[in-house]
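Asks: Have a look at this one.
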Amino acid sequence: MGFFKPNVEKLEAKKDVKELIKALKYKDSDVRKRAAMALGKIGEPAVESLIQALGDEEVWVRAGAALALGEIGDVRAVQPLIQALGDKFLNVKEEAAPALGKIGESAVEPLIRALEDGGRWVRWYAAFALGKMGDVRGVEFLNQALSDEDYYDRWRTAEALGKIGDIRAVQPLIRALSDENWEVRWRTAEALGKIGDARAVEPLIQALSDENTLVRSGAARALGEIGDVRAVAPLTLQAMKAEDTMVKVDAVLALMKLKGKKS
């Protein structure tokens with residue numbers, strides 16, 4: 001790039017693909033990232049340059065390129081995005097997975113191959129992408145990952161299943177409410193609230209007695225999201241007698257949600 005800093009917004013307004021492609025090489029990482037995003041809005045003419053940007057040395061550029069490729073939805077990006085699932089930085093992986101989900105049906109078979117043959121994190125994010133697309137193989141993989149030895153992987157999996165929202169995850173998540181690690185139980189309660197299936201009501205009511213404050217608080221919020229009347233009495237008890245302020249407040253808010261859903 002030349003001496004002067006490129007005006008990305010102006011280049012985007014002009015749809016100046018050539019100059020935006022040059023801006024991907026600018027020394028300022030923020031400029032490179034915004035250029036990648038602008039190219040994503042422009043669409044198909046920018047695909048090859050964005051694919052190249054997935055190999056940029058700056059993590060935020062790679063993440064921005066992945067996001068932009070998802071917005072464009074071109075099938076040429078499938079394999080490069082699958083490779084990006086193995087990026088060492090979480091930011092890139094978390095943009096590449098939903099980007100593949102947005103590309104849709106063309107990404108299914110390559111993602112299934114990644115699920116079978118990829119490295120650990122490639123498999124995990126391939127499963128997340130498949131799950132977002134409604135493919136049962138992704139959800140089944142994540143359900144099994146709830147039993148991973150690493151507690152970090154277990155809570156990340158619970159969180160992912162909550163984002164996907166597939167009811168096939170309900171029973172495995174209910175089992176995960178008994179996990180030995182409090183953070184897994186907390187994320188699991190939140191995930192069950194997002195899915196909103198009534199089968200989780202009684203287990204979540206039991207979780208209101210968990211030894212950890214965040215788990216109790218998460219269970220209260222989840223019960224509010226599900227909106228089942230069976231939660232009224234236990235939530236009222238928490239609202240009146242909980243020793244921890246966070247739990248008490250979340251129980252009150254959950255009761256307000258329940259009242260709103262009844263009226």
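Asks: Report every pair of residues separated by at least 6 positions or lying on different chains whose Cβ atoms are under 6 Å apart, first residue within the stretch 133-152 and in a helix (DSSP H, G or I) and charged (D, E, K, R), second at pLDDT below 90 and surrounded by 12 or more Cβ atoms within 10 Å (Cβ to Cβ).
Replies: Pairs found: R137/L130.
Asks: Just one of (1) more than 27 Å from S106 (Cα to Cα); (2) in contact (Cβ under 8 Å) with a residue 24 or more places away in the chain; (3) of a type outside the set (F, W, Y); (4) surrounded by fewer than 19 Cβ atoms within 10 Å (Cβ to Cβ) trips up G43, so point out which.
Replies: Among (1) more than 27 Å from S106 (Cα to Cα); (2) in contact (Cβ under 8 Å) with a residue 24 or more places away in the chain; (3) of a type outside the set (F, W, Y); (4) surrounded by fewer than 19 Cβ atoms within 10 Å (Cβ to Cβ), G43 violates only (1).
Asks: Yes or no: G224 crowded, with 20+ Cβ neighbours inside 10 Å, modelled with pLDDT of 95 or more and among the small types (G, A, S)? Write out each step before concluding.
Replies: On the way: crowded, with 20+ Cβ neighbours inside 10 Å: yes; modelled with pLDDT of 95 or more: yes; among the small types (G, A, S): yes.
Here the answer is yes, as G224 does meet what is asked.
Asks: Here's another thing I want to ask about it. Going through K22, K5 one at a time, which residue ends up being modelled with pLDDT of 85 or more, more than 21 Å from A97 (Cα to Cα) and surrounded by fewer than 23 Cβ atoms within 10 Å (Cβ to Cβ)? So that I can check it myself, show each step before the final result.
Replies: Working: K22 fails: modelled with pLDDT of 85 or more.
Just one listed residue meets the conditions, K5.
Asks: Mind checking which residues of the stretch 111-136 are surrounded by fewer than 18 Cβ atoms within 10 Å (Cβ to Cβ), farther than 14 Å from A160 by Cα and of a type outside the set (V, I, T)?
Replies: R113, E116, D117, G119, R120
Asks: For residues in the stretch 219-263 being outside any helix (DSSP H, G or I) and not polar (S, T, N, Q), which is farthest from A191 (Cα to Cα)? Spell out how you get there, then give the answer.
Replies: From the stretch 219-263, those outside any helix (DSSP H, G or I) are 227-228, 242-244, 263; that's our starting set.
Checking which are not polar (S, T, N, Q) leaves us with 227-228, 242-244.
On the way: G227: 15, D228: 16, A242: 23, E243: 25, D244: 22 Å.
So, considering only residues that are outside any helix (DSSP H, G or I) and not polar (S, T, N, Q), the one farthest from A191 (Cα to Cα) is E243.
Asks: I would also like to ask the following. Restricted to the stretch 4-18, and to residues that are closer than 18 Å to P45 by Cβ and among the acidic types (D, E), which residue is nearest to the chain's Cα centre (by Cα)?
Replies: The extreme case among them is E12.
Asks: Now, a different point. When you check V108 against the structure, is it over 16 Å from the mean Cα position of the chain (by Cα), hydrophobic (A, V, I, L, M, F, W, C) and farther than 21 Å from A222 by Cα, yes or no? Lay out the reasoning, then the answer.
Replies: On the way: over 16 Å from the mean Cα position of the chain (by Cα): yes; hydrophobic (A, V, I, L, M, F, W, C): yes; farther than 21 Å from A222 by Cα: yes.
Judged against the criteria, V108 is a match.
Asks: Report yes if A107 is more than 21 Å from I167 (Cβ to Cβ), in a helix (DSSP H, G or I) and touching a residue at least 24 places away in the same chain (Cβ under 8 Å), otherwise no.
Replies: Values: more than 21 Å from I167 (Cβ to Cβ): yes; in a helix (DSSP H, G or I): yes; touching a residue at least 24 places away in the same chain (Cβ under 8 Å): yes.
Spelling it out, A107 is indeed more than 21 Å from I167 (Cβ to Cβ), in a helix (DSSP H, G or I) and touching a residue at least 24 places away in the same chain (Cβ under 8 Å).
The values are calculated or read from the model by the stated rules, or taken from the named source; none is laboratory data. All values reported here derive from a predicted model rather than from experimental measurement. Using ideal geometry, Cβ is built from the backbone for each residue, glycine included, and neighbour counts are taken over all protein chains shown.
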